[in-house]
1. Spot the failing condition for P124; the list is (1) closer than 26 Å to Q15 by Cα; (2) in a loop (DSSP other than H, G, I, E, B); (3) of a type outside the set (S, T, N, Q), and only one is missed.
2. So which residues in the range 81-108 are among the aliphatic types (A, V, I, L, M) and under 15 Å from G125 (Cα atoms)?
3. With respect to T26, is the statement that it is in contact with a Gly (Cβ under 9 Å, 6 or more places away or on another chain), among the hydroxyl-bearing types (S, T, Y) and more than 30 Å from P147 (Cα to Cα) true?
4. Condition first: crowded, with 17+ Cβ neighbours inside 10 Å and more than 24 Å from V13 (Cβ to Cβ). Can you find one or more residues in the range 60-78 that meet it?
5. Identify all residues within the range 71-115 that are in contact (Cβ under 8 Å) with a residue 24 or more places away in the chain, closer than 13 Å to G140 by Cα and either outside any strand (DSSP E or B) or among the basic types (K, R) (or both); write none if there are none.
Amino acid sequence: MLLAIVADDELLVSQIVKSLLLLILTTGLGFNLFRLYTHRFRSRQLVSLLLVVLLTTVGYFLVNAFRIDHALLNQAVYADGVTTAYCSVFGRGEGIEFEYEWEGVRYRACSSYHPIARNTLLVPGGKFKVRLSRKFPGKGRMNFNLPG
């Protein structure tokens with residue numbers, strides 16, 4: 001999980017940005033596939049091939065993130081979560097690790113707590129709601145604005 005976005009408006013903006021990125025990636029992928037088959041020089045074909053592999057890899061991870069956020073936006077359910085410790089969230093700095101249970105399975109995740117002040121959250125033992133989807137129950141995000 002790159003970002004710990006929870007609110008509907010944040011998820012919607014995130015989906016729009018990812019859609020634009022997918023459009024740009026698809027255009028670049030199509031252009032480089034075209035160049036791969038039309039250029040006669042091996043060096044240019046190699047560059048195009050490397051770009052096709054890179055764009056496909058980035059696109060794969062972007063589509064997965066898009067699917068998770070789509071499920072969180074359209075099929076959200078809430079579970080009770082308990083904070084356990086501080087952790088590091090990629091791209092957002094420090095976050096809070098938490099545990100929650102869904103359909104008899106215990107999950108552990110990490111969410112960014114920004115812009116909420118660190119000293120206002122109880123860690124460990126704070127109780128908040130966790131937003132998750134039935135499709136991706138292990139990708140829950142704690143909503144620090146909803147006490148549990």
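Rule-based calculations on the coordinates, nothing more; no lab input. A quick note: this is a predicted structure, and the numbers were derived from the prediction, not measured. Glycine gets a Cβ as well: all are built from the backbone with ideal geometry, and neighbour counts include every protein chain shown.
1. For P124, the exception is condition (1).
2. V82, A85, I96 - these are the residues of the range 81-108 that are among the aliphatic types (A, V, I, L, M) and under 15 Å from G125 (Cα atoms).
3. Here the answer is yes, as T26 does meet what is asked.
4. No, the range 60-78 contains no residue that is crowded, with 17+ Cβ neighbours inside 10 Å and more than 24 Å from V13 (Cβ to Cβ).
5. Hits for the range 71-115 are A71, L72, L73, Q75, R108.
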